[in-house]
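Below is one structure; the comments refer to it alone.
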Amino acid sequence: MPKLEIDGISVDADPGTTIIEVADRLNIHIPRFCYHHKLSVAANCRMCLVQVEKSNKALPACATPVADGMKVWTKSKETMAAQHSVMEFLLINHPLDCPICDQGGECELQDVSMQYGRSDSRFTEPKRVVLDNDLGSLIESDMTRCIQCTRCVRFGDEVSGERELGATGRGEHMEIGTYVAQTINSEVSGNIIDLCPVGALTSKPFRFTARPWELTQVPGISPHDCIGSNLYWHIQEHVKRVVPKDTEELNEVWLSDRDRYSYAGLRHADRLHKPLLHKQRWSTAGWMEALKYAASAIKTIVDTHGVNELGVLVTPNATTEELYLLQKFVRGLDCNNIDHRLRQLDFNDQHLAPKYPNLGMDYRSIADLDTILLIGCNIAKEQPLAALRVRKAAKKGAKVCALNCVDYHYNFDIAAKCIVPAANFLASLAALAKELINICNYKADSATTAALASIEVDQQVKSIAASLKSGAKKQIILGHIAQMHPQASQIVALGNLIAQIIGGNCGSFSDGANAAGAWLTGCVPHRLPNGDAAPQAGKNALQMLQTPLRAYILYAVEPEFDSILGVQALDSLLQADVVIAISPYQSDTLLEIADIILPLAHFSEMSGSMININGTQQQFVAALEPFGESRPGWKILRMLGSMTELEGFAFNTLEEVTAEMQSAVVVGTALPKWQAQTLTPIAKTASKDLLRIAPLSLYAVDGLVRRATPLQATEDAHSDP
C-alpha cells in the first residue's frame, strides 16, 4: 500500500488512488472544475494542478495516481502560481454575467475565482460568443459561459447512457451542444444542472425567480417512486426548486426529472382552496360543515345498506400515517373494502404476497449483480434511478436480459431478449422456466412439471436461459407490464420459480412511493396492519369499481387516470349515492362524480413518513404551510373518525399517530419473501389473440406530475410508455 505525504501529513492510500481523492479524504481542498467523484477523469480544466516532488512541472491532482514516498504540496508557491495562471486562462472568454446569472451565489467558478483570480484582466480582445441551444422545457442553456469541463457530456455517456450532448471544434472554437438541433430527453437530464460548475446549464422553470441565498433549504423525500430518494425543497414563500440530497444507499447524488420538476404542479390552478359541497349545486363550505356532512353520509349508507356498500380507494403515495388512519377508520366501521392497488387486474395470489413489496435484495446491491432478468419492465421510465444502477452493473460486466411485449430502448447493453405478443407473454416466461429446469438439472415437483408440459421452447428463450445460468449474484425484476398483466399471479409464480432455479432473487419496484407502507398498515382488503390476515377479506380495487357500490371514499385518487379501468371506473362512481373525495385538486371529473371534496395538503405541506423498497421508514417534515384552507391528511381523518363516533381518534399531534402506527407495524430487518406458489397448466395462446396491456407513462403517475407544466412539455409526456 503506497504511503505518501500531502502538505506534511503522512497517509496510506490504495494503489491507483489519485492525489485529489486522498486530499478529499483528508479534507484538504484542491480547486477543481472538470473532476467529479461520480464521473471519469477528464483532466481538461487543469485547475487542480499541484506541486509534486521530483516533477519539473505542476501535475493535475485528479489524474495523477499516488506512489510510495510521493510528496505533494497543495498550497506551495509553485502550486498557487499554476492555479492562478489556469484561472486567468479560464476567465479570458468568460462573460461578466454574474449580476444576471442564475448560478450566482452557488457558482463554482465564481467561488474559486475569488481566491485564485486577478482583480483585472490583461486580455483586451473581444470575448467569444456561443449561440444557445434549445434543450427543451427543463434546461436553459447559456453556452457562452461554458468552460468545457465536459461534466455534462460525461454524465450522458457514462451515467445516464444517453449521450445527448457532445463537444465539437477545438481550442476556443470548442462548443458543447447537441450537434443536430434537438432537445434533451433523458429522464434524468436535470442532473447536468447540478454538475455544471458555471451558469451554462440552469433550470428553466427556476430561471430568474429567486437567488440561492434567498432560499430556505428543507430536506424531504421523493413522493413518486418507491426508492425513497432524498431531496431538498428550496423555499421562498413556496417551493422554488428541488435538488438532490446526497444519499449513497438510495439516490447517490442524482435525482430523476420527475422528482426534480414535479413541484411545478404544487400551485396549479386546480389546487383546492376550501371544502366543496354539492347540494343541488357546488358551493364552498366550512370544515366543520363539510366533515359533518361527510360523516353523516357515510353513517347513513352503512346503517341503511351495510358496510359492504362502502368502498375506499387510496393512493399509494400517501404517508404511512395517513394510510394507517384511513384503514383504522374503515375497519372501525367493520369494513374491509380498502385498497391502494388501483392498476392491478389479477389478485389471485394476494394471500401469498410478502408483507410488503420488495426486490428480495438490498436496493443498493443492484450495481454488484452478475445477471439481471427484466420481465415486462421498462425500467428507465418506471424507476429512472434504478436504471442507473442496472447500467452500472452492466458496465461492470453483468448480463442483462429482457422478456417483454414491447421492444423497449434500454440505456445499457442487453445480452439476450425475447419480445412476444402480450397474449403469449406468460407462455414465453413458462418456456424460460422449462428450459432452465432442463439445463440446470433442477428437480421440479410434479405440479410444476405438469403445468409446463405443453410448452414449447424457442431459440430466443434458450439464449436468455443460457445467460441466466451464469453468474453468482442474480436478480429478476418484475416490471409494470408484468404486475398489471391479467395473468400477473402466474407471472409472479414463474418469476419466483426461475429465481429459485438459478439461485437468485425475484422482486419488483412497487407502483407508488409508499406501496410498502400501504401493505404494512393494512390498506389492502385481506390484511390488517403488520400483515395479519383480516377476519374476512373485503373487495379489492377491481371488484369495487367493476360492480358499483353505494358509497366511495377517494383518497388523493383521480379514477380516470389512476385506475386501470379508466372510464369504467367513472361509470361506477357516477352510479354511487355518495362519493367523498379527499384531494389536493379539484377537476371537472371530480366535480362530476363527487358529492364532497375535502382539500388535502400536499406532501411538501405536511410531515410524515414513507417506507421504501428496502423496508426503511423515512421521516420528513413540512416545508410549507398548507395551501389555502387545505389540511394534512391525518387531521382530516382524525376529525372524520371522531365525527363518525369511532373510538381511538383522539390524536392531538402527528407524533401520537406515528407512535401508535409504529407499535402496530413492525417492518423487521429481513426482506419478506413470497410464500410457495403452485402453477396451473399453461398453454400458448393463439398469436392472433389480443390482450390489453396498460404500461404507465413516466409523467402520468399521479396528479402532481400530471400538473407539472415543464414535465408535460417533454417528449416523454407525449410518447407511448
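What lysines sit close enough to Lys328 to cross-link, taking a C-alpha to C-alpha distance under 17 Å and skipping anything fewer than 8 places away on the same chain?
By straight Cα distance, Lys328 reaches Lys299, Lys539, Lys635.
Give the angle, between 0 and 90 degrees and rounded to the nearest 10, that separates the Cα long axis of helix 320-332 from the longest principal axis of the Cα atoms of the chain.
Long axis of 320-332 versus the principal axis of the chain: about 0 degrees.
Between Lys279 and Asp577, take the C-beta separation as r, use R0 = 22 Å, and let me know the FRET efficiency to the nearest 0.05.
0.95
Simple spin-label model, 7 Å along Cα-to-Cβ: Glu237 to Gln546 in nm?
Taking the simple label geometry, Glu237 and Gln546 are separated by 5.1 nm.
Using a Cα-Cα cut-off of under 22 Å, which lysines could be cross-linked to Lys395, ignoring same-chain neighbours fewer than 8 residues away?
Those lysines meeting the cut-off are Lys38, Lys381, Lys417, Lys469, Lys473, Lys474.
Using only Cα atoms, locate the centre of region 474-532 and the centre of region 18-83, then give the distance between them in Å, rounded to an integer.
Value for the Cα centre distance between the two parts: 48 Å.
Expressed in whole Å with the largest first, what are the equivalent ellipsoid semi-axes of the chain derived from the C-alpha gyration tensor as the square root of 5 times each eigenvalue?
48, 34, 23
Of all DSSP beta bridges located in region 555-685, what percent are antiparallel, nearest 5?
Expressed as a percentage, antiparallel bridges in region 555-685 total about 40.
Going by Cα centres, region 416-442 and region 384-407 are how many Å apart?
Value for the Cα centre distance between the two parts: 19 Å.
Sorted by mean Cβ packing within 10 Å, highest first, what order do the peptides 82-92, 544-554 take?
Sorting 82-92, 544-554 by mean packing, highest first, produces 544-554, 82-92.
Round to the nearest 10 and give me the degree value, 0 to 90, for the angle of helix 77-90's Cα axis relative to the longest principal axis of the chain.
Here the helix axis deviates by roughly 70 degrees.
Given Cβ point charges of +1 (Lys, Arg) and -1 (Asp, Glu) and nothing else, what value in debye, to the nearest 20, does the dipole of region 606-701 about its Cα centre take?
Dipole of region 606-701, to the nearest 20 debye: 720 debye.
Of the peptides 275-285, 708-718, how do they stack up when ordered by the mean number of other Cβ atoms within 10 Å, highest first?
The peptides rank, most packed first, as 708-718, 275-285.
Using amide H atoms built in the peptide plane, which far-off residues or other-chain residues are under 5 Å from Ile476 H to H?
Leu373, Asn505, Cys506, Gly507
Can you give me the relative contact order of region 1-44 as a percent, contacts being Cα pairs under 8 Å and 6 or more apart?
Dividing the mean separation by the residue count of region 1-44 yields 21 percent.
Antiparallel DSSP bridges in region 478-602: what percent, to the nearest 5?
Beta bridges within region 478-602, antiparallel portion: roughly 15 percent.
Taking the mean number of other Cβ atoms within 10 Å as a proxy for protection, how do you rank 106-117, 330-341 from highest to lowest?
330-341, 106-117
Taking the dipole about the Cα centre of the chain, with the C-beta of Lys and Arg at +1 and of Asp and Glu at -1, give me whichever of Pro354, Ala622, Asn336 is farthest to the positive side.
Of the options given, the answer is Pro354.
Hey, what's region 174-279 come to in accessible area per residue, 1.4 Å probe, Å²?
That works out to 35 Å² for each residue.
Once both axes come from the Cα atoms, what is the angle between helix 633-643 and the longest principal axis of the chain, in degrees from 0 to 90, rounded to 10?
20
Considering only the other residues whose Cβ falls under 12 Å of the Cβ of Met1, what net charge follows from Lys and Arg at +1 and Asp and Glu at -1?
Spelling it out: positives minus negatives among the neighbours equals -2.
Quick one: length gained pulling Thr709 to Lys469 fully straight, 0.36 nm per residue minus the C-alpha distance?
81.8 nm
Nearest 0.05, what FRET efficiency do Asp458 and Ser719 give at R0 = 41 Å with Cβ-Cβ as r?
So, using R0 = 41 Å, E works out to roughly 0.85.
For the chain, with all protein chains present and a 1.4 Å probe, just round the carbon and sulfur fraction of the accessible area to a whole percent.
50
In region 107-190, if the dipole is taken from +1 on Lys/Arg beta carbons and -1 on Asp/Glu beta carbons about the Cα centre, which of Met114, Asn133, Ser160 is farthest to the positive end?
About the Cα centre, the residue reaching furthest to the positive side is Met114.
Hey, what number do you get for the chain at 222 nm if only DSSP H runs of n ≥ 4 count, each worth -39500 (n - 2.57), divided across all residues, to the nearest 500?
That calculation yields -8000 deg cm²/dmol at 222 nm.
What list of ³J(HN,Hα) values in whole Hz, one per residue of region 597-604 in order, does the Karplus curve 6.51 cos²θ - 1.76 cosθ + 1.60 (θ = phi - 60°) give from phi, with Gly and Pro shown as x?
Karplus values, whole Hz, x for Gly and Pro: 10, 9, x, 9, 5, 7, 4, 6.
Around Tyr179, what is the net charge, scoring Lys/Arg as +1 and Asp/Glu as -1 over all other residues with Cβ under 11 Å from its Cβ?
Here the charged neighbours net out to -1.
Taking the DSSP beta bridges in the chain as the whole, what percent of them are antiparallel, to the nearest 5?
Within the chain, antiparallel bridges account for around 55 percent of the total.
Report the label-to-label distance for Arg128 and Glu647 in nanometres (one decimal), using points 7 Å from each Cα along the Cα→Cβ vector.
7.8
Please name whichever of Ala82, Phe123, His94 sits farthest to the positive end of the charge dipole of region 72-147, dipole taken about the Cα centre and charges placed at Cβ: Lys and Arg +1, Asp and Glu -1.
Of the options given, the answer is Ala82.
Using alpha carbon centroids, what distance separates region 288-337 and region 341-374, in Å?
The two parts, judged by their Cα centres, are 29 Å apart.
Can you check what the net charge comes to around Arg341, using other residues whose Cβ is under 13 Å from the Cβ of Arg341 (Lys, Arg +1; Asp, Glu -1)?
Cβ neighbours under 13 Å give a net charge of -2.
Work out the FRET efficiency for Glu172 and Asp368 from their Cβ-Cβ distance, taking R0 = 60 Å, and round it to the nearest 0.05.
0.90
Can you give me the accessible area per residue for region 517-598, using a 1.4 Å probe, in Å²?
Here the per-residue accessible area is 32 Å².
So what is the relative contact order for the chain, in percent, with contacts set as C-alpha pairs under 8 Å and at least six apart?
15
How large is the dipole of the chain about the Cα centre if only Lys and Arg carry +1 and Asp and Glu carry -1, each at its Cβ, rounded to the nearest 20 debye?
So the dipole magnitude of the chain works out to roughly 1040 debye.
How are the Cα pair distances of region 603-658 distributed, in percent, across 5 Å bins from 0?
Pairs per bin, as whole percents: 4, 17, 23, 21, 19, 12, 4, 0.
The values are calculated or read from the model by the stated rules, or taken from the named source; none is laboratory data. Everything numeric in this text was worked out from a predicted model, so none of it was measured. Every residue, glycine as well, gets a Cβ built from its backbone with ideal geometry; the counts of neighbours run over all protein chains shown. Areas reflect the complete protein model, heavy atoms only, side chains present, ligands, DNA and RNA absent. Shrake-Rupley method; radii C 1.70, N 1.55, O 1.52, S 1.80 Å.
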